[in-house]
Structure formats: structure tokens, C-alpha cells
Amino acid sequence: MENVSLVIIGGGSAGLASAISAYDNGVKDILVIERSHELGGILNQCIHSGFGLSLLKEELTGPEYAHHFINELKKRNIKYLLDSLVLEINKNLEVVYSNSFGVNKIKAKAIICALGCNERTFSQIFIPGDRPKGVYTAGLAQKYLNIDGYLVGKNVYILGSGDIGLIMARRMTLEGANVIGVSEIMPYSNGLNRNIVQCLNDFNIPLYLKTTVSKIVGNKVLEGIEISDVDDKQNIILNTNRFIKCDTLLLSVGLYPFNTLLNKAGCKKNSLTNGALIDNNFETTIEGIFTTGNGLHVHDLVDFVSEESFIVGKKAAELILNLRNDVISELNVNNKDNVSYVLPNTIKLTNNNEEVYFYLRVRKKINKGKIKILNNNKIIYSFIKMYLEPSEMIKFKIESNLLINLKEIDVEIEEIK
Amino acid sequence: MKKELYDVIIIGAGVIGASIARFLSRFNVKCLILEKHNDVGEEASGANSAIVHSGYDPKPNTLKAKFNVIGAKMFDKINDELDVNYIKTGTLTIGFNNDDLITLKSLKERGEINGVETSIIGKDELFKLEPNLNKNVLYGLYAKEAGIVNPFLLVSGLIENALENNIDLKLNSEVIKIEKIMDFYRVFTKDKGIYETKVLVNASGRNGDYITSFIEKPKFKITPRKGQYILFDHFDDHFINRPLFMCPTKMGKGVLVSKTTSNNYYIGPTNEASSLDDVSTTKEGFDYLKKESLKLINNLPIKDAIREFSGVRANNNIDDFIIEESNLNEGFFNVSSIMSPGLASSLAIGEYVSNLIQNRLNLKINENYNPYIRKYPKFNNYEKLKDLININPLYGKFICRCEKVSEGMIIDMIHRKGGPTTVKGIKKRLRAGFGRCQGTFCQEEVIKILSRELNIPIDEVNYSDLGTNILKYRSK
Ligand SMILES: Cc1cc2nc3c(=O)[nH]c(=O)nc-3n(C[C@H](O)[C@H](O)[C@H](O)COP(=O)(O)OP(=O)(O)OC[C@H]3O[C@@H](n4cnc5c(N)ncnc54)[C@H](O)[C@@H]3O)c2cc1C
Ligand SMILES: Cc1cc2nc3c(=O)[nH]c(=O)nc-3n(C[C@H](O)[C@H](O)[C@H](O)COP(=O)(O)OP(=O)(O)OC[C@H]3O[C@@H](n4cnc5c(N)ncnc54)[C@H](O)[C@@H]3O)c2cc1C
């Protein structure tokens with residue numbers, strides 16, 4: 001069996017950044033394995049601009065952003081395989097992958113899973129009605145348009161105000177389609193503000209808040225949909241349904257981590273994110289298996305994926321190069337009031353006094369919130385933040401000495417009226 | 001214009017038409033199957049519970065009882081010949097109280113009359129078989145001989161084998177008119193086809209009475225009833241191990257919880273009056289299924305739901321299968337309105353009807369008949385996968401990551417007789433697009449492979465029926 005120090009599964013923005021970072025932190029023997037015929041992951045189909053502003057300080061398209069990282073990878077001569085699917089990983093840190101040259105098993109000192117995310121489909125949100133052709137996730141329609149050069153329809157309705165849906169609203173309009181409207185079940189949009197303005201408002205595409213698609217209609221091909229109003233608990237209000245004629249329904253109703261490989265290996269699952277449970281090294285419950293990017297939790301921007309994965313590459317390098325210090329205390333992290341999830345799930349402290357990073361999302365829109373870390377109801381750290389939204393991930397770091405010798409902390413957000 | 005005369009025309013390529021054709025191919029016969037859809041098995045045979053019932057349940061002395069009991073026993077052999085993923089899981093019918101126990105006992109007796117062995121088991125044994133049952137369950141009727149099957153591969157395998165043995169198939173050929181002319185039948189299809197045949201078999205499922213009415217007044221009336229399902233991903237190999245039915249009560253048969261041959265789980269079906277082709281789902285249906293199924297199991301993996309769908313049962317006013325040669329019109333065989341347990345009975349029906357036809361036409365044995373189809377390129381271990389890759393490197397290039405389907409497997413399937421030409425056809429036979437992402441990752445690649453292998457432009461690749469091409473308009 002071949003030995004490799006670090007195997008990185010997935011060559012999207014997370015895999016690329018973690019590979020580069022692991023290399024720069026001293027691990028030279030790296031293999032990136034990518035299922036598709038090119039590196040870059042989802043970025044390849046995101047031909048709009050807006051990437052890189054935060055990290056690279058310039059505005060790039062998705063492929064340009066990916067290209068930047070692919071170049072960095074190549075400069076370092078990091079090995080990668082394309083058209084190769086990882087079929088299995090296990091707790092002995094063995095990786096089985098297949099491609100047209102055969103099936104191979106390799107043994108690693110560490111594995112980073114950077115598997116990306118799935119889009120939720122109409123079946124996962126239980127939309128009733130017929131099952132005609134004409135209903136797609138926004139990402140799939142994006143791929144057909146940007147990679148293959150085809151529109152899937154001309155009269156389009158969009159469910160969900162996620163960013164991919166908003167971007168597709170603009171993109172399809174520019175391609176001559178009639179985008180009839182966007183329904184959002186919540187009282188607020190889930191997309192970034194700049195996308196609401198630039199993708200909907202600028203094209204006079206209406207956004208209907210507190211509405212949802214209550215029925216899909218069409219025998220073989222989509223003939224239309226019914227939309228209905230919803231109440232404060234997102235339940236459909238009877239007799240508010242109205243028919244909208246359209247040939248395409250795009251769904252932008254959320255992304256969730258793709259994590260079957262990790263589950264199968266026995267890494268404990270995080271039921272709040274659908275990713276794996278991790279510690280502050282981004283290590284799963286199996287030593288040596290790390291996870292990052294949208295395969296861990298869904299990020300708002302690719303820049304943040306890259307940033308996170310730089311850290312993860314470094315953490316994996318520390319394990320491989322035996323640079324880890326002994327753990328002196330270990331604690332669990334719980335999400336409490338107004339926090340829909342928080343990462344990491346456990347924190348392992350050593351005496352090198354490294355800072356601890358937290359990633360979390362607020363459950364609902366809050367104008368002014370106090371973000372608190374508590375131990376036994378005692379605040380050990382807090383700060384005030386304005387305009388909290390579920391669509392914007394909250395990130396912060398604290399000094400590790402605040403946490404020494406604790407067994408448990410709670411993270412909560414207090415709404416300040 | 002002189003038409004060539006067929007010995008047999010079969011209307012409908014569901015499991016019944018497919019099975020008749022396949023068993024008929026044991027003889028030297030000129031036979032054509034006419035199917036209105038763009039693929040085989042698109043109606044009831046593609047949306048059902050996929051259970052090979054053992055046969056204790058149907059009323060004694062009915063056609064259902066007769067063909068179910070014989071048919072169920074034929075699955076071991078067909079599995080060997082056609083690789084239909086048949087698994088003898090057994091089934092459990094669950095009782096919750098003493099009234100149910102009485103019902104279970106009477107079902108057991110009924111089974112004895114039908115010639116099917118079952119046993120009644122108590123709570124301890126139930127939980128040994130199924131640890132995730134609801135804690136309120138008390139009794140179970142265990143039918144060891146029952147099983148589950150892959151209904152898609154059953155239909156496509158029967159069809160492939162029939163075609164390999166010289167039967168013909170025409171898709172997109174909806175029969176719209178039939179004329180009886182002396183001793184043969186003239187069949188007209190919507191696409192302006194005209195065919196002539198000595199024997200005509202109506203295997204049109206829920207359209208059976210309508211098709212019959214082209215020739216004679218039907219003796220039965222179909223009352224379609226819809227069944228909705230919720231399907232879950234394979235999150236755990238042993239959430240449940242076999243189909244679980246509720247003990248029938250005055251209120252009906254309840255719902256069932258089951259697993260598929262690929263370790264997915266489902267709950268369903270509802271039982272509602274519907275129109276013939278109404279395969280829609282409803283919120284009421286979902287709510288009902290979620291509530292009822294929790295009587296059988298202790299939790300529902302709602303987050304793992306990946307698909308909701310419906311099938312339409314071809315129930316009728318006689319409450320039994322229609323399997324007969326018309327006494328008014330010689331050579332017209334009615335094998336329609338085949339409701340549950342039609343799948344379990346399909347092989348027995350196919351064999352029986354093909355023998356009747358052989359008799360009527362005095363057909364000779366087909367000396368070249370081969371009951372096997374080419375083995376599917378499957379792998380259950382990496383050594384096997386390596387062997388496949390040695391044959392064709394594309395077996396190692398995976399297209400569908402949810403269900404692990406490689407390009408080589410897709411190509412192999414496309415080039416079989418009666419093979420898929422649509423995205424849905426690939427999905428049904430190979431599961432690419434059937435998994436958690438529902439094709440958001442692989443559908444595009446599947447379209448490209450279909451286009452290349454069938455030599456048609458990508459914008460002519462259909463999702464299912466004609467006119468359902470996905471890539472519609474070229475971008476600017
Ligand atoms: C349709 C869509 C559109 C998006 N649009 C935007 C946008 O406009 N702006 C934005 O900021 N963010 C966008 N995102 C979010 C974007 O996914 C992330 O910000 C970022 O690109 C994710 O990087 P990643 O590396 O985690 O995942 P990905 O880019 O998805 O990369 C994961 C890679 O892993 C590979 N892989 C998975 N499993 C295996 C396996 N078993 N073996 C080998 N390889 C495997 C995949 O092929 C893929 O290339 C979008 C996401 C989606 C799904
Ligand atoms: C909800 C549900 C659950 C079930 N569960 C089970 C089960 O667990 N076990 C079991 O044994 N059975 C079960 N059944 C029953 C079983 O599915 C059916 O008995 C069986 O599939 C019937 O096969 P068929 O070929 O007669 O009908 P179909 O599969 O409906 O085939 C009829 C074919 O005829 C074609 N056709 C119709 N009209 C025309 C025309 N004019 N011209 C050309 N072609 C035409 C149709 O397109 C179709 O392909 C279930 C059925 C349903 C609906």
C-alpha cells in the first residue's frame with residue numbers, strides 16, 4: 001500500500017486552500033483527489049464576479065478565484081488526481097479511490113475531507129403536487145447555463161432567496177428569460193443584501209416574503225405552480241393559493257454539507273449542521289480525519305472557506321509533523337438561546353496559548369445582540385454586535401486562557417431591545 | 001398497403017406485459033409489444049411497494065391467491081436469470097391488541113388454505129427481528145417466504161431478455177383504436193402506426209377497461225386508487241430489515257414501512273380514490289403517512305427524506321385480477337386491471353398466459369431460447385471493481401457519487417436491448433440521480449453520456465417522455 005502524509009479529498013476552494021497551507025506549514029507529501037475533470041469545485045460554474053474581495057482584495061469571478069489557488073497549488077508541485085472518486089475512508093486513515101486506471105488504497109497520516117455541499121431539493125422540503133420536468137435546483141440550472149450554454153426554460157419562478165437563486169434570477173434575465181418572481185418563506189431574505197439589490201431590484205423582479213410554493217402542476221412538463229402565504233410559523237394559510245404559469249421552477253432553499261464518507265468512516269455527525277462534530281483543530285471524532293469548507297458547514301462567501309481551510313491545513317500539518325502539544329484540558333461547547341449552531345463542538349487546550357476560533361449562526365434576525373460565552377451561567381466572555389442575520393456567519397476568537405480547566409461552555413445570544 | 005401479420009401483439013410494457021413477452025419468447029413467435037411511454041415500466045410497475053408477498057393474504061380460490069402463491073416461488077430462479085435484486089426478507093404484519101391477534105390468527109388460517117406457511121410471534125421475538133419497532137407493538141404474523149425486489153430491474157430485465165429472444169418492442173406507441181377483421185386484429189397507434197396480429201393481449205394495467213372497450217363491452221370497471229409514498233435515504237443498513245405491515249382493521253390496511261433492495265426506506269402507501277393518471281402528492285398525504293407510520297416504528301428519519309411520489313392501483317369492481325381469453329373475440333386476451341399483489345404474481349401470470357397463447361397458436365419451442373441476460377457489471381468488493389476496470393477503464397470513472405455509479409456502468413446499460421434513452425431511464429435502472437442529491441451533481445453528465453452513446457444532440461435528451469428535453473434554449 002502506498003503511503004502519503006496528507007490526503008485531501010475534494011479539490012474545491014476548501015481542498016485547494018488546505019493543501020497550500022499544509023505545504024507551507026511543512027508537509028510536502030500531499031495528494032489532492034478530485035472527482036471532477038478539473039480542480040476548483042463549484043467555483044467553476046460561478047462565472048459572476050464578487051469573489052476575493054475579502055481575502056485577495058480584488059474582485060474576481062469564480063473561475064478566476066479558483067485559478068489563483070490552482071496556480072498556487074501548481075507552483076508548489078502539489079500532486080493531484082482528477083476524475084477520481086474516493087469511495088471510502090476509514091479510521092486507520094486508509095483512503096480508497098477509483099479512476100480509470102484502477103482502484104487504489106493509500107495510507108495517510110492525516111486526511112482532510114473538503115467534500116463541499118449539496119443543494120436541498122423540492123423533495124427534501126416536501127413540496128406537494130405533480131412531478132414534471134422543469135423543477136431544478138438553482139445550482140443545476142446554473143451549471144446548464146454557465147458550463148453547457150443552455151437555458152432550462154424561459155418563464156421562471158424561484159423559490160427561496162438564497163444567493164444562488166438570486167444570482168440565477170439576474171443571469172437568466174440577462175439571457176432573455178422572464179423571471180416572474182421570487183418566493184421566500186421567511187419574513188426576510190436569506191441572501192446577501194448586495195445580491196437583493198443587484199440581482200432583483202435592478203431588474204424589477206418582485207420578492208414575495210412570507211410565501212411559498214404550495215403545489216407543483218404539470219403532467220409531463222411544468223405548467224405552473226401555486227404559491228400561498230404562510231403564517232409566522234411558516235405554515236401555509238389556507239385559501240391564499242394563487243396559480244402562476246411558468247415552465248421552470250428553481251429552488252434556492254439551502255445548502256447542507258455532503259458528508260457520507262465521514263459518516264461511513266464512523267465520524268460522529270453534527271445533526272445541527274449535517275457536517276461532522278469537530279474540535280478546535282477541525283479534527284473529527286476520529287483522530288487524523290479533518291474536515292473543512294462547505295462539507296463542514298455552509299459558508300457565506302468563498303473567501304471565508306479559504307480562510308478556514310488555511311487554518312485546517314496548518315492543523316493537519318501540526319499533527320503530521322508531531323508539533324502538537326499535550327492536551328491539558330478539554331471542554332464541550334453547547335449552543336443555547338438564539339444560536340442555531342456553533343463550532344467547534346469540543347475544545348482541546350494545550351499550553352501553547354493559541355487563540356480559539358468560534359463560528360456560529362444566529363437563529364433569527366436580531367438588531368442588537370450580545371454574544372456571550374458562559375460557564376455555569378457565568379459570563380466568561382461577551383461582546384455586542386449589531387444587525388445579526390441567519391445568513392451571516394458570526395466568527396470571533398478568544399484567548400485560550402479564558403477556557404482553561406472548564407468542562408463545558410454555552411454560547412448564546414441575548415437580544416437587546 | 002400490406003401489413004406484416006404478427007402472431008401476438010401485447011399492449012403495455014409494465015411488469016405484466018413484460019413477463020408475458022418474456023415467457024412467450026420460449027416459443028418461436030412473431031410478437032410485438034406496444035408501449036405508450038418512452039420507456040418500459042413507467043406506470044404501476046414503476047411506483048409500488050416492491051414487495052413479493054408470500055400469498056397468505058388474498059381470499060382463497062381467487063386468481064390473486066392462485067398466481068401470488070405460484071408467482072412468489074418463481075423469484076429465486078428469475079433472480080438467477082435476470083439479476084433483479086430479489087431478497088427473501090420475510091414480512092411482518094404487526095398487531096397492537098387482542099382484536100388484532102384474532103385477525104392475525106385468521107390470516108394465518110387463510111394462509112394455510114392458500115398453502116402458505118406463517119407463524120405468529122410475540123413481542124420479544126419481534127424486537128429481536130426489528131429493534132426499531134414502536135414499543136406498543138405486541139404481536140406479529142411472520143411470513144418467512146416473502147421478499148422484496150427491484151421492480152425497475154424486474155421490468156427492464158424481462159424486457160431485455162424477451163428482446164434478446166427475438167420479441168419486438170415499440171415505445172411511444174399509444175394504442176388508440178382496435179379493429180377486429182375476420183380472424184385477426186388491426187391495431188392503430190397515436191403516432192399513426194398500424195399493426196396486425198392474430199392474438200392481442202391487453203396488458204395495459206389501469207387502462208384495461210378502456211382498451212377492452214375498443215373491441216367489446218368490458219365485464220369489469222377500474223376504480224383507480226392512488227398510493228402516496230415518502231422515500232428515505234439509506235442512512236443505516238438496519239433501521240428496519242423487512243416490510244412491516246399493520247394488522248388490517250375495519251379502518252383499512254393502514255400504511256407500511258419498508259426498505260428497498262438498495263437499503264432505502266419508505267413509508268406508504270396512502271389509499272385514496274383518484275383519477276387514472278393522477279400521480280400527484282399532497283400535504284394531507286404526507287401528514288397522514290408521517291403520523292400513521294409512527295405507530296409501527298419508534299422514529300422517522302424525516303431529515304433523510306429524498307423523494308415523494310405516487311402510484312395508481314388498477315383496482316376493479318370484481319376485486320380480482322382479470323386474466324382470460326374473451327369468449328366473444330377469440331384471440332383477445334385480457335390480462336389487465338392487475339392490482340396488488342400483481343408484482344408478486346407477475347411471473348406466474350406471464351408463464352400461464354404465454355402457455356395459453358402457445359396452445360391457441362400452436363407455437364413451437366424456441367430452440368435458441370436463453371433465459372439469462374448478460375450479467376450487470378456490478379461490484380461488491382474492490383477486487384471485482386478492479387476486474388471491471390481491466391475490461392473497460394470507464395468502469396472506474398464514477399459519475400454519481402451518492403449511489404456510486406460509474407460511466408462504464410451507464411454505457412453498459414444504454415447498450416442493452418430495450419436499454420434506457422432518458423435521464424429517468426438511467427435513474428430507474430442504475431440509481432444515478434436516485435440518491436440524496438437527486439441528480440443535482442450527475443444529471444448533467446448523464447445527459448452528455450446519453451447524447452454521446454445514442455448519437456443525438458444534448459438538447460434532444462429527454463428527462464422521460466418525448467418533449468421533456470431538459471436543455472431547452474441555447475444561451476446568447
Ligand atoms: C450551486 C452552488 C453555487 C454557489 N455559488 C456561490 C457564489 O456565487 N458565491 C459564493 O461565495 N459561494 C457560492 N457557493 C458556495 C460555495 O460552494 C462555497 O463557498 C465554496 O466554493 C465551497 O468550497 P468547497 O471546497 O467546500 O466545496 P466545493 O467547491 O463543492 O468542492 C468540493 C469538491 O469535492 C469533490 N468531492 C466530493 N466528494 C468527493 C469524493 N468522494 N472524492 C473526490 N472528490 C470529491 C467535489 O467534486 C468538489 O469538486 C455556491 C455553492 C453551490 C452548491
Ligand atoms: C401503490 C401501489 C403499491 C403496490 N404494491 C405492490 C406490492 O408491494 N406487491 C405487489 O405484488 N404488487 C403491488 N402493486 C401492484 C403492482 O404494482 C401491479 O399489479 C403491477 O405493477 C401491474 O403491472 P401491469 O403491467 O399490469 O401495469 P402497469 O405497470 O401499469 O403497465 C401497464 C402499461 O400499459 C401501458 N399502456 C396503457 N395504455 C396503453 C395504450 N393505450 N397503448 C400502449 N400502452 C399502454 C402503460 O403505459 C403501462 O406501461 C402495487 C400497486 C400500487 C399502485
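Here are a few things to note about the model shown:
- Scanning segment B:261-287 for residues that are among the charged types (D, E, K, R), part of a loop (DSSP other than H, G, I, E, B) and open to solvent by 60 Å² or more (accessible area, probe 1.4 Å) gives a single hit, B:ASP277.
- The residue that is least open to solvent (accessible area, probe 1.4 Å), counting only those in segment A:257-271 that are more than 10 Å from ligand 1 (Cβ to nearest atom) and within 11 Å of chain B (Cβ to nearest Cβ), is A:ASN263.
- Scope segment B:362-383; condition open to solvent by less than 80 Å² (accessible area, probe 1.4 Å) and farther than 13 Å from B:ARG26 by Cβ; matching residues: B:ILE373, B:TYR376, B:PRO377, B:PHE379, B:ASN381, B:TYR382
- Some residue of segment A:153-162 being hydroxyl-bearing (Ser, Thr, Tyr), outside any strand (DSSP E or B) and open to solvent by less than 20 Å² (accessible area, probe 1.4 Å): yes
- Tabulated pairs, segment B:303-315, first free of Cβ contacts under 8 Å to residues at least 40 places away in the same chain, second part of a helix (DSSP H, G or I) and surrounded by fewer than 21 Cβ atoms within 10 Å (Cβ to Cβ), C-beta under 9 angstrom, 6+ apart or interchain: none
- Being open to solvent by less than 20 Å² (accessible area, probe 1.4 Å), more than 12 Å from chain B (Cβ to nearest Cβ) and part of a helix (DSSP H, G or I) is a property that does not hold for A:MET172.
- Top-ranked residue of segment B:414-431 - restricted to ones that are over 18 Å from the mean Cα position of the chain (by Cα) and either over 23 Å from B:ASN161 (Cα atoms) or part of a helix (DSSP H, G or I) (or both), ranked as nearest to ligand 1 (Cβ to nearest atom): B:VAL423
- With respect to the conditions (1) more than 16 Å from ligand 2 (Cβ to nearest atom); (2) more than 25 Å from A:VAL305 (Cβ to Cβ); (3) in contact (Cβ under 8 Å) with a residue 12 or more places away in the chain; (4) in a loop (DSSP other than H, G, I, E, B), A:ARG131 lacks only one, and its number is (1).
- Residue tally, condition of a type outside the set (S, T, N, Q) and within 10 Å of another protein chain (Cβ to nearest Cβ), over segment B:261-287: 8
- Tabulated pairs, segment B:163-183, first within 14 Å of chain A (Cβ to nearest Cβ), second open to solvent by 50 Å² or more (accessible area, probe 1.4 Å) and within 15 Å of ligand 2 (Cβ to nearest atom), C-beta under 9 angstrom, 6+ apart or interchain: B:ASN172/B:LYS36; B:ASN172/B:LYS190; B:ASN172/B:ASP191; B:ASN172/B:LEU466; B:GLU174/B:LYS36; B:GLU174/B:LYS190; B:GLU174/B:ASP191
- Lone qualifier among B:ILE211, B:ILE215, B:ILE178 - being in a helix (DSSP H, G or I) and farther than 26 Å from B:ASP57 by Cα: B:ILE211
- Considering residues of segment B:311-346 that are among the charged types (D, E, K, R) and touching a Pro at 6+ places or on another chain (Cβ under 9 Å) only, the residue farthest from B:GLY41 (Cα to Cα): B:ASP320
- Of the residues A:GLU38, A:GLU64, the single one that is near ligand 1 (Cβ under 9 Å from one of its atoms), more than 15 Å from A:ILE112 (Cα to Cα) and open to solvent by 50 Å² or more (accessible area, probe 1.4 Å) is A:GLU38.
- Against the numbered list (1) within 8 Å of another protein chain (Cβ to nearest Cβ); (2) within 19 Å of the chain's Cα centre (by Cα); (3) open to solvent by less than 10 Å² (accessible area, probe 1.4 Å), A:GLY129 comes up short only at (2).
- When segment A:132-144 is filtered for residues that are more than 7 Å from chain B (Cβ to nearest Cβ) and open to solvent by 20 Å² or more (accessible area, probe 1.4 Å), only A:VAL135 remains.
- Extreme residue, surrounded by the fewest Cβ atoms within 10 Å (Cβ to Cβ), among residues of segment B:423-441 that are in contact with a strand residue (DSSP E or B) (Cβ under 6 Å, 6 or more places away or on another chain) and facing chain A (nearest Cβ under 10 Å): B:THR440
- Leading residue by the ranking (farthest from ligand 1 (Cβ to nearest atom)) among those in segment B:196-213 that are under 17 Å from B:ASP168 (Cα atoms) and more than 21 Å from the chain's Cα centre (by Cα): B:LYS198
- When residues of segment A:399-417 are limited to those that are modelled with pLDDT under 95 and either of a type in the set (D, E, K, R) or part of a strand (DSSP E or B) (or both), the one surrounded by the fewest Cβ atoms within 10 Å (Cβ to Cβ): A:LYS417
- Whichever residue in segment B:288-303 is open to solvent by 20 Å² or more (accessible area, probe 1.4 Å) and within 11 Å of another protein chain (Cβ to nearest Cβ) and, among such residues, is farthest from B:LEU92 (Cα to Cα): B:LYS303
- Where a residue in segment B:449-476 is facing chain A (nearest Cβ under 7 Å) and at pLDDT below 95 and its partner, wherever it lies, is in a loop (DSSP other than H, G, I, E, B) and open to solvent by 30 Å² or more (accessible area, probe 1.4 Å), with Cβ under 7 Å and at least six apart: B:LYS476/A:GLY176
- Exactly one residue among A:ASN44, A:ASN25 is in the same structural domain as A:THR291 (by TED's automatic domain parsing), open to solvent by 20 Å² or more (accessible area, probe 1.4 Å) and more than 9 Å from ligand 1 (Cβ to nearest atom), and that residue is A:ASN25.
- All conditions in (1) farther than 30 Å from A:LEU200 by Cα; (2) open to solvent by less than 10 Å² (accessible area, probe 1.4 Å); (3) more than 7 Å from chain B (Cβ to nearest Cβ); (4) out of contact with any Gly (no Cβ under 7 Å at 6 or more places or on another chain) hold for A:ALA110, with the sole exception of (4).
- Once segment B:442-472 is narrowed to residues that are among the acidic types (Asp, Glu) and touching a strand residue (DSSP E or B) at 6+ places or on another chain (Cβ under 7 Å), the residue that is surrounded by the fewest Cβ atoms within 10 Å (Cβ to Cβ) is B:GLU460.
The values are calculated or read from the model by the stated rules, or taken from the named source; none is laboratory data. Worth saying up front: this structure is predicted, and the values here are computed from it rather than measured. So basically every Cβ, Gly included, is an ideal-geometry build from the backbone, and we count neighbours across all protein chains shown. Note: accessible area is taken over every heavy atom of the protein model, side chains too, but ligands, DNA and RNA are not part of it. Shrake-Rupley method; radii C 1.70, N 1.55, O 1.52, S 1.80 Å.
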